[in-house]
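Undergrad: Questions regarding the structure given below will be posed in turn.
Readers should treat all values here as calculations from the given coordinates under stated rules, not as data from a laboratory. Everything numeric in this text was worked out from a predicted model, so none of it was measured. Every residue, glycine as well, gets a Cβ built from its backbone with ideal geometry; the counts of neighbours run over all protein chains shown.
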Amino acid sequence: MSLLDLHTLDHCELCPRRCGANRAAGQRGACGVGSTLRLARAALHFWEEPPISGDHGSGTIFFSGCPLACTYCQNYEISSGGFGIDVPSGRLVEIMLELQEQGAHNINLVTATHWAYMLPRTISQARALGLQIPIVYNTSGYELPEAVLELGDVVDIWLTDYKYADAKLGARLSNISDYPERAAEALTQMTTEIHRRGGLRYTYDGLMEQGLLVRHLVLPGFIDNSLRALDAIWTHAGDVPIAVMNQYTPNAAMKAQGGILARAVSAEEYERVLDYADDLGFSTIFWQEGGTVDESFTPAFDTTGVLTSAP
C-alpha cells in the first residue's frame, strides 16, 4: 500500500516516529496536527542559499507542526506552538501560483513532512494550472525513505538538514533516538532520486533547478557532532553542495535554562567545522559570515499570504 494514499491519516506513519495517530478522526499526531491543513506564512524569502533564493526570492510556504521537538527551535511558534490558519488543500494550489506570479524562483515547502500525502495531487493540480518553477522540499531530514521515493517525481530540489550524527544528542535536544539512522536512509534515497532524474542541474544564471543541498547547523559546544555529521553526509551523498550554518541563536527557553546552549557558536568552533568540510573534499560549501546570529533568518509568522496573495 502506498504511504501517501487516501487512508494515510487513519493511522499516520508519514514520519519515522510512525505514531499511528488517527488524524482523520481529529487525533493529533506526534507532529502536533490533525487532518486540517494549517499554514503560517507564504511569501518570498531571501535568506536561503544563493542557488535557492537568487535575486527574486524563494516562494516559501511554512506549514504548521513538526515531527521533531527541538528544544532550540527558532520556529517554535509554528513547529510546536500551533500558530497558523486552517485552509483547504485547494488554497495550497492557489498559493503556489500566486508565488510564481510574484516572481519566485521556486516553491519552497518548509516542513511539509506531515502533509506529504497531499503533495503529489496538489503539485500535479498546480502544474496543470500553469506552475512551471521547481518544487523545493525543505526538511529537517527526519524522513522515511518510502516517502522520499514516492515524492521523487514531484520534488525537484531536496533542501535537507543533517542535524545529528550523535544519537544521544538527538534524543537530548530533539526527543528522537534514531535520527542518525533515519536521516542517513532518507539522504541516501534523496541522492538516488536526483541521480535517477539526471543529477544536479542549474540554470544559466546559477539557480538550482534540480538537485540536493544538505544543511548542517553548528551547535555551540557540540563540534564533534558536526564533524561526524559531515562524515555521514559525505558517506551517504558524496560531494553534494552543503551549507554549514552558524546562525544558531538561543531562544527564550535556552536562555532561561542556561548552560552551553545559551550562547552562540564561537568563531573558532565554526572555523574548525568549515575547515573539516573543506578537508573532506566538498567542492561547494555555503557558509555564513560572522554576526549572523544578530540578523533575522526567521521571518515574521503573521499569516502573510496564507489567505490572500502577499504584497
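Undergrad: So if I place +1 on the C-beta of Lys and Arg and -1 on the C-beta of Asp and Glu, and nothing else carries charge, what would the dipole magnitude of region 104-215 be about its Cα centre? I want it in debye, nearest 20. If you can, show how the numbers build up before the last one.
TA: On the way: 10 positive and 13 negative charges, 31 e Å.
It works out to roughly 140 debye.
Undergrad: Run the helix sum for the chain: -39,500 (n - 2.57) per DSSP H stretch of 4+ residues, divided by residue count, reported at 222 nm to the nearest 500 deg cm²/dmol.
TA: Helix-only estimate at 222 nm: -9500 deg cm²/dmol.
Undergrad: Based on the alpha-carbon gyration tensor of region 82-139 and its eigenvalue square roots a ≥ b ≥ c, which shape applies: rounded if a/c is under 1.5, prolate if not and a/b is larger than b/c, or oblate?
TA: rounded
Undergrad: Specify whether the C-alpha gyration tensor of region 180-311 places it in the rounded, prolate or oblate class, a ≥ b ≥ c being the square roots of the eigenvalues: rounded for a/c under 1.5, otherwise prolate if a/b is larger than b/c and oblate if not.
TA: oblate
Undergrad: Which of Ala252, Phe46, Phe83 sits farthest toward the positive end of the charge dipole of the chain, with +1 on the Cβ of Lys and Arg and -1 on the Cβ of Asp and Glu?
TA: Phe83
Undergrad: Rounded to the nearest 20 Debye, what is the dipole magnitude of the chain about its Cα centre when Lys and Arg each give +1 and Asp and Glu each give -1 at the C-beta?
TA: Dipole magnitude for the chain comes out near 960 debye.
Undergrad: Give me Lys163, Lys255 sorted ascending by neighbouring Cβ count inside 10 Å, so fewest comes first.
TA: Ranked by crowding around the Cβ, least crowded first: Lys255, Lys163.
Undergrad: Right, here's the next one. Quick one: Karplus J couplings for region 98-111, per residue in order, coefficients 6.51, -1.76, 1.60, θ = phi - 60°, nearest Hz, x for Gly and Pro?
TA: 5, 5, 4, 5, 6, x, 4, 6, 6, 9, 10, 8, 9, 6
Undergrad: How many percent of Cα pairs in region 167-248 exceed 16 Å?
TA: For region 167-248, the fraction of Cα-Cα distances above 16 Å is 58 percent.
Undergrad: Ordered by residue, what ³J(HN,Hα) values in Hz, to whole numbers, does region 159-168 give under the Karplus form 6.51 cos²θ - 1.76 cosθ + 1.60, where θ = phi - 60° and Gly and Pro are x?
TA: Running phi through 6.51 cos²θ - 1.76 cosθ + 1.60 with θ = phi - 60° gives 10, 10, 7, 10, 7, 10, 9, 9, 4, 5 Hz.
Undergrad: With percent of Cα pairs over 26 Å apart defined as stated, name the option among (i) 43; (ii) 46; (iii) 50 computed from the structure displayed.
TA: (i)
Undergrad: Hey, another quick one. Going by average Cβ density within 10 Å per residue, which order do the peptides 302-309, 237-244 take, highest to lowest?
TA: Answer by packing, highest mean first, reads 237-244, 302-309.
Undergrad: Let me ask something additional. Apply the a/c threshold of 1.5 to the C-alpha gyration tensor of region 61-197 and tell me whether it is rounded, prolate or oblate.
TA: oblate
Undergrad: Now for a different question. Tell me which cysteines of the chain come out unpaired when the rule is another cysteine's Cβ under 4.7 Å.
TA: Those would be Cys12, Cys15, Cys19, Cys31, Cys66, since no other cysteine Cβ in the chain comes under 4.7 Å of theirs.
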